[in-house]
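K.L.:
Sharing a structure with you now.
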Amino acid sequence: QSAPRSHVLEPNPQSAVKNVIAVMSGKGGVGKSAVTALLAVTLARQGYKVGILDADLTGPSIPKIFGLHERPELEEESIKPVKTRIYGIGVISINLLLEREDEPVIWRGPIIASAIQQFWTEVGWGELDYLLVDLPPGTGDAPLSVMQFLPVSGVVMVAAPQELAVLVVRKAVRMVRKLHIPIIGFVENMSYTVCPKCDEKLELFGSSQAESVADSTGLRLLARIPLDPRLSTLSDQGEVEKYETEVLAHVPAHLDEIMNR
Ligand code: ADP
């Protein structure tokens, strides 16, 4: 049965968001947050106005990889997203709102759903071309809430090569399709690595199945992102905005094309 999308909520009066894009993965640790961050930075570098809603309430990592600790301010009864240092990407995350950043979030479904609703209705996102939503892994309450309550225009799937091999992403794909939300495509993360000595591309998890998965599922392969120690180091230091990469550079144009069709 397909879940209704009649619950989509009105945005905050201080928001004018053109497109909401959810970033999803079948399981944790595949680099979903890293890909969300890179996509946001890539869009910002190309002149788009971008925000990130961190819907990963139990494992929020967006503030950490951008090095954000400030609390959001209240302005005209709306919560103002915290801006990243280089590109001014607006971020809202439970980590920025909690009294203590290391406080674990142990909430049940209904509270998770209402927190996600508030990230949309009580946050003044301002004018944005793209609001990226970093979902928690899998197909639980939080992803479902985002897709029911927010006007999600499309989903980007993130998978690691090992997952593609066993098609863990299939379940996530089925959920999104049931909700009649378009899947923009998928990103294979940690797809390969480049030898620092000889520049050879090494496929650490065997030869990539990304192309054949794209063929068999009908999903578009948006990009293959290499495993790169510089990315994890910069992320650990809260400086992901300094990571230079061209791997996602073609994605904004593709998003524009499908969003404005
Ligand atoms: P998820 O959001 O799927 O749980 P994260 O984005 O938090 O995963 O990534 C998990 C870890 O892997 C982080 O330490 C991150 O810096 C690292 N990581 C993710 N993608 C890459 C990559 N392409 N190269 C190197 N490290 C990566």
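Readers should treat all values here as calculations from the given coordinates under stated rules, not as data from a laboratory. This one's a predicted model, so the numbers in the text were calculated from it and none came from an experiment. Neighbour counts run over all protein chains shown; Cβ positions are idealised from the backbone, glycine included.
K.L.:
Per-residue counts of other Cβ atoms within 10 Å, averaged by peptide: what ranking do you get for 251-261, 225-235, highest first?
P.N.:
Working: 251-261: 13.9, 225-235: 16.6.
Ranked by mean Cβ neighbours within 10 Å, highest first: 225-235, 251-261.
K.L.:
Let me ask something else about it. Please list the non-local residues whose amide H lies under 5 Å from the amide H of Gly138, H modeled 1.01 Å from N, same-chain partners needing a gap of 5 or more.
P.N.:
Placed amide hydrogens put Ser25, Gly26, Lys27 under 5 Å from Gly138.
K.L.:
Restricting to DSSP loop positions (anything but H, G, I, E, B) with no more than 16 other Cβ atoms inside 10 Å of their own Cβ, which GluC sites (Glu not before Pro) remain in the stretch 1-96? Intermediate results must be reported in sequence, preceding the final value.
P.N.:
On the way: sites: Glu70, Glu73, Glu75, Glu76, Glu77; in loops: Glu70, Glu76, Glu77.
When the GluC sites (Glu not before Pro) of the stretch 1-96 are filtered for loop state and at most 16 Cβ neighbours within 10 Å, Glu70, Glu76, Glu77 remain.
K.L.:
Relative contact order for the stretch 151-261: what percent, with Cα pairs under 8 Å and sequence separation of 6 or more? Show your work: numbers first, answer last.
P.N.:
Working: 135 pairs, mean separation 27.4, N = 111.
The value is 25 percent.
K.L.:
In whole percent, what relative contact order does the chain give with Cα contacts below 8 Å and a gap of six or more residues? Before the final figure, lay out the partial values.
P.N.:
On the way: 509 pairs, mean separation 72.4, N = 261.
About 28 percent, as a whole number.
K.L.:
Tell me the net charge near Ile89. Cut-off is 11 Å between Cβ atoms, Ile89 excluded, with +1 for each Lys or Arg and -1 for each Asp or Glu.
P.N.:
Values: positive: Arg45, Lys49, Lys83, Arg85; negative: Glu241.
So the environment of Ile89 carries a net charge of +3.
K.L.:
Of the options Val105, Thr233, Val168, report the single residue whose Cα projects farthest towards the positive end of the charge dipole of the chain (beta-carbon charges: Lys, Arg +1; Asp, Glu -1).
P.N.:
Working it through, the farthest residue towards the positive pole turns out to be Val168.
K.L.:
Mind giving me the nanometre distance, one decimal, between the label points for Arg261 and Ala249, set 7 Å out from Cα along Cα→Cβ?
P.N.:
Using points 7 Å along Cα→Cβ, the separation is 2.5 nm.
K.L.:
Something else now. I need the helices of the chain that pass two filters: whole DSSP H segments spanning 15 Å or more by Cα along the axis, and mean Kyte-Doolittle score no lower than 0.0. Mind showing how you got there, number by number?
P.N.:
Values: long enough: 32-45 (20 Å, 1.17); 109-121 (18 Å, 0.65).
Helices meeting the span and hydropathy rule in the chain are 32-45, 109-121.
K.L.:
Taking amide H positions as placed 1.01 Å from N in the peptide plane, with prolines and chain starts having none, which residues 5 or more places from Gly126, or on another chain, fall under 5 Å of its amide H?
P.N.:
Hits under the 5 Å cutoff: Ser15, Ala16.
K.L.:
Related question: Report the Cα-based extents of the chain along its three principal axes, largest first, to the nearest Å.
P.N.:
55, 44, 38
K.L.:
In sequence order, what are the phi-derived ³J(HN,Hα) couplings for the stretch 192-209 according to the Karplus relation 6.51 cos²θ - 1.76 cosθ + 1.60 with θ = phi - 60°, rounded to whole Hz, with x for glycine and proline?
P.N.:
These are the phi-based 3J(HN,Hα) values: 7, 9, 9, 5, x, 8, 10, 6, 6, 7, 10, 8, 5, 10, x, 5, 4, 9 Hz.
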